[in-house]
1. How many residues does segment 1-32 contain that are modelled with pLDDT of 95 or more, over 17 Å from Tyr75 (Cβ atoms) and either part of a helix (DSSP H, G or I) or of a type in the set (Gly, Ala, Ser) (or both)?
2. Does segment 52-74 hold any residues that are under 25 Å from Glu10 (Cα atoms) and either in a loop (DSSP other than H, G, I, E, B) or over 16 Å from the mean Cα position of the chain (by Cα) (or both), and which are they?
3. Name the single residue that is surrounded by the most Cβ atoms within 10 Å (Cβ to Cβ) among those in segment 33-51 being part of a helix (DSSP H, G or I) and of a type outside the set (A, V, I, L, M).
4. Pull out all pairs, ordered by first then second residue, where Cβ-Cβ is under 6 Å, the residues are six or more apart or on different chains, the first lies in segment 133-150 and is assigned to a loop (DSSP other than H, G, I, E, B), and the second is surrounded by 10 or more Cβ atoms within 10 Å (Cβ to Cβ) and aromatic (Phe, Trp, Tyr).
5. Restricting to segment 93-129, name every residue that is of a type in the set (A, V, I, L, M) and either surrounded by fewer than 24 Cβ atoms within 10 Å (Cβ to Cβ) or out of contact with any strand residue (DSSP E or B) (no Cβ under 8 Å at 6 or more places or on another chain) (or both).
Amino acid sequence: MSFDVVEQFEQEVAKFFGAPYAVATDSCTHAIELCLRYKNIKHTACPKNTYLSVPMTLEKLNIGWHFVDEDWYDYYYFPNTRIIDAAVLWRKDSYIKNTLMCVSFQYKKHLGLGRGGIILCNSALDRAELIKMSYDGRHRNAPWAEQEVFQMGYHYYMTPETAELGLSKLETAISTEPKKWSWKDYPDLRLMPVFKNKG
């Protein structure tokens, strides 16, 4: 199986959301991490009600951050960035221009693939760079041993098998009503001992 099916999945999901481009990843958390790395974010904030891997990723990257009290619905911005955690969003033509929007395909999400994510983006350059970052610093179109790799990358790409599953489930996902998510679906992370110094 080739990566052509991954590109087909990216194109179909981008079309649904109304985004010019998309980059499929192995999880939404890793999609967010790639965007934070790509934009070299040094300081931001995180809603107190979200999934715990989000602030853990900020810690992992040594980004200066703090919790904020935000009543978000469907998605939220990381303050002072154009990066959006849209993990729970599933709505046609909902892409916000000039942003990096990260969507989840974790098993509880509307398009549940067990695991997976995607970055919706506005430019071909963003797409090309994020693909390389997700794919060990290389391109998809040739075996890795035949490429010269000039940049650090991360092993965060979506497999063809996951993309094929996504394509098989996409029509049903598009034709069914999604759950509406908000900050109310998540606990207050400030109360967890692991984040006791971030409250």
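1. Final tally of qualifying residues: 11.
2. Step one: of segment 52-74, the residues under 25 Å from Glu10 (Cα atoms) are 53-54, 57, 73-74.
Hits for segment 52-74 are Tyr73, Asp74.
3. First, the residues of segment 33-51 that are part of a helix (DSSP H, G or I): 33-38.
Among the residues that remain, those that are also of a type outside the set (A, V, I, L, M) are: 33, 35, 37-38.
Working: Glu33: 23, Cys35: 27, Arg37: 15, Tyr38: 17.
By that ranking, first place goes to Cys35.
4. Arg138/Trp144; Arg140/Phe3
5. Taking segment 93-129 as the starting set, the residues that turn out to be of a type in the set (A, V, I, L, M) are 96, 100-101, 103, 111, 113, 118-120, 124-125, 128.
Result: Ile96, Leu111, Leu113, Ala124, Leu125, Ala128.
The values are calculated or read from the model by the stated rules, or taken from the named source; none is laboratory data. Everything numeric here is computed off the predicted structure, so don't read it as measured data. We place every Cβ from the backbone using ideal geometry, glycine too, and count neighbours over all the protein chains shown.
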